[in-house]
Amino acid sequence: MKEYQSDQLRNVALVGHQGAGKTTLVEALLFNTGAINRMGRVEEKSTVSDWDDDEKERNLSLSTSLIPLEFEGVKINVLDTPGMTDFQGETKNAIRVADSVIVVVDAIAGVEVGTELAWQYAEVYQQPIIVTINKLDRENADFERTLESLRASFPGYKFIPVMLPIGSEANFNGVINLLTMKAYMGPGKDRSDLPEELKDEAEAARTVLIEAAAEADDALIEKYFSEGTLSNEEIRDGMRKAARDAYLKTVPVFVTSGAKNVGTIPLMEALMVYVSPPSQRRVQFQKPDGERDYLLAPQSDEGPLAVYVFKTTNDRFVGTLNYFRIFSGSVRSDGRYFNSVRGVEERFNSLLVMRGKEQLPVTELHAGDIGVVAKLTETKTGDTFCARTSPVQIVRPEFPDPLYAVAVLPKTQADSAKMGTILTSLSQADPTLRWRQDPDVKQTIVEGMGEAHVNLAISRAAKLGVGMEMVMPKVPYKETITRQGSDFYRHKKQSGGAGQFAEVHLRLEPNPGGGFVYETQIVGGVISQAFLPSIEKGINSVLGEGVIAGYPIIDVRAVAFDGKEHPVDSKDIAFQIAGREAFKKVFEESGPVLLEPIMNVSIVVPENMMGDVMGDLNTRRGRVQGMDTEGHRGTINAQVPYAEMMRYGNVLRSITGARGVYTMKLSHYEQVPAHLTQQVIAAHKAEMQHT
Ligand SMILES: Nc1nc2c(ncn2[C@@H]2O[C@H](COP(=O)(O)OP(=O)(O)O)[C@@H](O)[C@H]2O)c(=O)[nH]1
Ligand SMILES: [Mg+2]
């Protein structure tokens, strides 16, 4: 691939709800730029962007693909992102490294949850936004209605059509460029005069465009007021300014059909105008002391090296590929670069540009460019390369807490030896995927943003040679007591051989929020000092195991206040046993209960579905804390037991037709209702009988 200097680069993230047509649009753009001579189709598993077998299997993008387009001397790095909210980590990372965001909106469905989530992320990074209303060739596709749904969903923005559709549904076969007032019919580059019947509509839309361009610049607004119009050049400059400045909230709107390849060439021509070259963007970084600062524009080859790794893939054959964006400086193949997060230097043996899965070797990449390096050993997603002498770290995105968890079991002995390593490498590559050994529920937990996300990780692990079975994770209950109790336990084993004797009197008291506390109030030395820690040791051995249902015990004060010992048979182990058994006995008599995690849940759905969602929350022991509406969307904040939220994603999808999203965070622990506690205890007993 040709070498491109910083000002010959553009970086755009293609985002939007799954199925809006992003991958198909990329196919059309690749075809238009001659990178492919035939457009593939998602259904035929023949697109450049959905190259991964898992994507082909599901006819769905599951991860971000890098697609460089070479057009009129410029390289446009398109990041084709997955639209499914399960894979929002990929989308957020792509938006992090782009310089503009193109939001693809389905002309039938309008704004959907994937659209809104991507929009939020674009706002987080103050990314200028461009919209294309796509799939206009489909039956029931409607340009005006979709524009309305955009205005209703994002009230703070000005949506300015820069193109108008010619024809609709099956007859959608061209677009009007409101700047040149020329028509682009079909997939070609040819321009023709406007169809007579559309001239008035085009003139009216052009006036709106001129006003938006004028409002972006004081000199232009003055000219506009004094002369009542602007030249094409001035309109272009005004719109360029408006589109490149996220604060102006002016969104140029395009019209396309990726499948019919209509409207795609005007879109690409416009990218050159509306998307800033990377040298005009700035990015936040932090110094080793944690102080945050901005890399002042322009980013150039001469600037201090700052390279951010936003994606990592592990493939059995290709090995590790780290995708990176150069925010400042340049990189060369065979160069050695300092990873400021890992504190190590790595050699960039093979420097690449990827087009889907195709690897295109390059010798140098300049400031602003996006590239890939193969076979690094230490580097992970989120890392930064910089000069050792001026260490910086590009600030990583924050990702939402996981929403879906499974417990995994190794399929074979060999798998159990490799499970930890593979889960670590998968979660280091994907910041929204987590795993841990959970000592409380004694399970290996894998968590992600949804069922599809976690299932994909497990199927990828299998492809990398580690088989795992998925089971329902346990709810991480806790055990505690509700009232004071006291009793004693005598441990006596004096039948032949070394005898054992110990008697412990224990009082247990609830200790809300205070954790476990052990105290002794022995009078008269009835138990020697030496054995007091033995009692505690015995009690500690129960704390992790639980008494009533096998869950960790919290918030209990245990007071050893009396006891008996035998001059010969009393020993450490005897008092351990007596301590343990006394604790279990008194625990059972002190109103033992289970505590369950309660989550703060925030659910965003179309306003007209709030009733259904709240109705369902009532069946989940949910307590609504508050509601809010903005535009057509409503937010419900509620507290819901974790046990009721473990498979909520699918429920919300079916209630709202995949038009709802939610987040959840642990709030606190609360007592489990008695009838449910009995069920958990019974399940534990049944499990004990089988082990
Ligand atoms: N009629 C029509 N179908 C399209 C268009 N773009 C995509 N599709 C179809 O819509 C589905 C989803 O497309 P895809 O490109 O995977 O969407 P993505 O999830 O946003 O990447 C596929 O079945 C495509 O064939 C379009 O412009 N017109
Ligand atoms: Mg896709």
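Annotations
- Residues in the range 540-574 that a label on VAL517 would reach, taking backbone N under 16 Å of a point 7 Å out along Cα→Cβ: 554-561
- One quarter of the convex hull surface built on the alpha carbon atoms of the range 479-590 amounts to 6.6 nm², the projected area averaged over directions.
- Using alpha-carbon coordinates, inclination of helix 264-274 to the longest axis of the chain, degrees: 80
- For the chain, the spread of Cα positions along each principal axis, largest first, Å: 108, 59, 49
- Residues whose amide H lies under 5 Å from that of PHE516, counting only those 5 or more places away or on a different chain, are ASP555, VAL556; hydrogens are built 1.01 Å from N in the peptide plane.
- Taking the square roots of 5 times each eigenvalue of the Cα gyration tensor of the range 12-78, largest first, gives ellipsoid semi-axes of 20, 13, 10 Å.
- Rounded percent of accessible protein surface that carbon and sulfur make up, the range 479-590, 1.4 Å probe: 50
- Dividing the mean sequence gap of close Cα pairs (under 8 Å, 6+ apart) by how many residues the chain holds gives a relative contact order of 10 percent.
- Measuring nothing but protein heavy atoms, the accessible surface of the range 137-196 at 1.4 Å probe radius is 48 percent carbon and sulfur.
- Binned Cα-Cα distances of the range 289-394, short to long, each 5 Å bin given as a whole percent: 2, 13, 25, 27, 18, 9, 4, 1, 0
- FRET E, pair LYS199, GLN120, Förster distance 41 Å, beta-carbon r, rounded to 0.05: 0.60
- Taking packing as the residue-averaged number of other Cβ atoms within 10 angstrom, the listed peptides 34-45, 607-618 run from highest to lowest as 607-618, 34-45.
- Shown is the FRET efficiency for VAL568 and MET688, computed with R0 = 56 Å from the Cβ-Cβ distance and rounded to the nearest 0.05: 0.95.
- Expressed as a fraction of 2.2 N^0.38 Å, the C-alpha radius of gyration for the range 6-280 is 0.94.
- Degrees between helix 218-227 axis and first principal axis of the chain (Cα, 0 to 90, nearest 10): 40
- Computed log₁₀ I(q)/I(0) - Debye formula, equal Cα scatterers, no solvent, the range 594-676, q 0.13, 0.15, 0.21 Å⁻¹: -0.38, -0.50, -0.92
- FRET efficiency, 1/(1 + (r/R0)^6) with R0 51 Å, evaluated for THR482 and GLU43 via beta carbons: 0.30
- Once both labels are positioned 7 Å from their Cα atoms along Cα-to-Cβ, the gap between GLU70 and ALA387 label points is 3.2 nm.
- Debye intensity ratio in log₁₀ form over the Cα atoms of the range 404-474, taken at each q of 0.11, 0.24 Å⁻¹: -0.21, -1.10
- The order of the peptides 224-232, 320-328, 589-597 by mean Cβ neighbours within 10 Å, most packed first, is 320-328, 589-597, 224-232.
- For the range 479-590, size of Cβ-based charge dipole, Lys and Arg +1, Asp and Glu -1, in debye: 220
- Rounded percent of accessible protein surface that carbon and sulfur make up, the range 404-474, 1.4 Å probe: 58
- Approximate spin-label separation GLN494-THR363, in nm, with each point projected 7 Å along Cα-to-Cβ: 9.2
- Estimated from helical segments only, the mean residue ellipticity of the chain at 222 nm is -9000 deg cm²/dmol, where each DSSP H run of four or more residues counts as -39500 (n - 2.57).
- With a simple spin-label model that places each label point 7 Å from the Cα along the Cα-to-Cβ direction, the separation between MET627 and ASN171 comes to 4.4 nm.
- Accessible area per residue for the chain, computed on protein heavy atoms with a 1.4 Å probe, is 41 Å².
- For the chain, the residue among PHE317, GLY450, VAL101 whose Cα projects farthest onto the positive side of the dipole built from Cβ charges is PHE317.
The values are calculated or read from the model by the stated rules, or taken from the named source; none is laboratory data. Fair warning: this is a prediction, and the values are worked out from it, not measured in the lab. Don't worry about glycine lacking a Cβ; one is built from the backbone with ideal geometry, like all the others, and counts go over all protein chains shown. Keep in mind that these areas ignore ligands, DNA and RNA; they rest on the heavy atoms of the full protein, side chains included. Shrake-Rupley method; radii C 1.70, N 1.55, O 1.52, S 1.80 Å.
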